[in-house]
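In what follows, a structure is listed as structure tokens, so that the remarks can point back to it.
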Amino acid sequence: MIPPIASQFVAGETPAAAFDHIRETNEDGVKVILNLLGEHYDNRAEADQDTATYLQLVRDIGNTDLDACVSVKPSQIGLDAGDDVFRENFRAIAEAGDQHDVFVWCDMEDHTTTDVTLDAFEEFAREFEGGIGLCVQANLKRTKDDLRRLVDVPGKIRLVKGAYDEPREVAYKEKSEVDAAYREYLEYMFEQFEGGIAVGSHDPAMIEFARELHDEYGTDFEVQMLMGVREDAQRELVADGYEVWQYAPYGGKWFSYFYRRVRERKENALFALRAVVGQ
């Protein structure tokens with residue numbers, strides 16, 4: 001059983017519980033990005049097992065009228081077992097998404113995985129005509145160049161600040177630096193992208209900035225937030241006419257999920273605490 005505090009952030013341990021959460025969340029007008037908890041499998045069997053689960057999730061979502069999609073992690077579907085394993089499994093999920101009209105997101109992990117993840121996304125986004133999306137992280141110094149590369153790639157791009165504790169030589173470390181980079185990259189996306197922008201942030205200032213950019217450039221966007229974090233704001237944004245997606249993890253590996261998130265950066269622990277007390 002998931003403890004009450006953790007259950008605010010995890011949509012149950014089973015697909016049935018996760019689908020119940022999707023239905024309840026959809027009633028508020030908020031759409032759901034479903035993520036099966038699990039990552040860093042160094043053997044193919046585990047990666048293939050989670051890939052099979054994702055394939056079934058895609059089929060099940062496709063057979064409903066739910067507003068939902070899925071999001072995978074490269075290391076969960078085989079990257080640590082080999083680049084070819086990741087690409088094979090990612091392609092299978094993207095193909096299933098294309099067949100069942102279910103969007104597929106690919107999360108971005110630490111900076112050592114960026115190149116192979118970008119390469120796979122670009123290839124499959126073109127092959128499946130934009131039915132997949134990719135997360136990019138504002139704290140990485142390379143992201144400006146990556147966004148230039150992605151301008152003409154079909155699909156969606158989710159911009160987040162970045163949760164991994166990266167080395168200083170590849171990442172901005174100060175909050176003010178990350179915030180400045182996020183604003184710069186967000187404006188570039190609104191100016192240069194034709195659409196497919198996902199604002200992955202709980203920061204009210206960044207969401208307000210996105211609204212201003214939408215008014216200036218007319219580019220469509222959606223807001224993405226985590227389950228259990230500022231859910232009142234999620235509903236308020238829907239009421240204001242914005243498209244909102246909630247990232248909802250589920251599965252039996254909920255404890256390791258929270259442990260790693262808190263361990264990666266001290267800011268994550270403070271952020272989770274604020275979310276629990278409603279700040």
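The table for this structure:
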{"quantity": "Pairwise Lys count, the chain - Cα closer than 25 Å, eight or more residues apart or different chains", "calculated": "27"}
{"quantity": "Spin-label pair Ala16/Val238, simplified geometry with 7 Å Cα→Cβ offset, distance in nm", "calculated": "2.5 nm"}
{"quantity": "Order by protection proxy (mean Cβ within 10 Å, highest first), peptides 178-184, 14-20", "calculated": "178-184, 14-20"}
{"quantity": "Size of electric dipole in the range 15-253: Cβ of Lys, Arg +1 and of Asp, Glu -1, about Cα centre, debye, nearest 20", "calculated": "320 debye"}
{"quantity": "The range 15-253: mean projected area of Cα convex hull, nm²", "calculated": "12.1 nm²"}
{"quantity": "Average silhouette area of the range 82-187, convex hull of alpha-carbon atoms, in square nanometres", "calculated": "6.7 nm²"}
{"quantity": "MRE, 222 nm, helices only [DSSP H, n ≥ 4, -39500 (n - 2.57), over the chain, to nearest 500]", "calculated": "-16000 deg cm²/dmol"}
{"quantity": "The range 15-253, accessible surface, carbon-and-sulfur percent (1.4 angstrom probe)", "calculated": "42 percent"}
{"quantity": "Mean Kyte hydropathy of -0.5 or more with a Cα span along the axis of at least 15 Å, helices from DSSP in the chain", "calculated": "114-127, 266-277"}
{"quantity": "Which of Ile77, Gly12, Phe124, positive extreme of dipole for the chain (C-beta unit charges)", "calculated": "Gly12"}
{"quantity": "Cα centroid separation - the range 152-191 against the range 30-77, whole Å", "calculated": "25 Å"}
{"quantity": "Average accessible surface area per residue within the range 15-253, 1.4 Å rolling probe, Å²", "calculated": "42 Å²"}
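The values are calculated or read from the model by the stated rules, or taken from the named source; none is laboratory data. Computed from a predicted model, the values in this text were never measured in an experiment. Here Cβ is always computed from backbone atoms with ideal geometry, including for glycine, and neighbour counts include all displayed protein chains. Heads up: the accessible areas ignore ligands, DNA and RNA and are worked out on the full protein's heavy atoms, side chains in. Shrake-Rupley method; radii C 1.70, N 1.55, O 1.52, S 1.80 Å.
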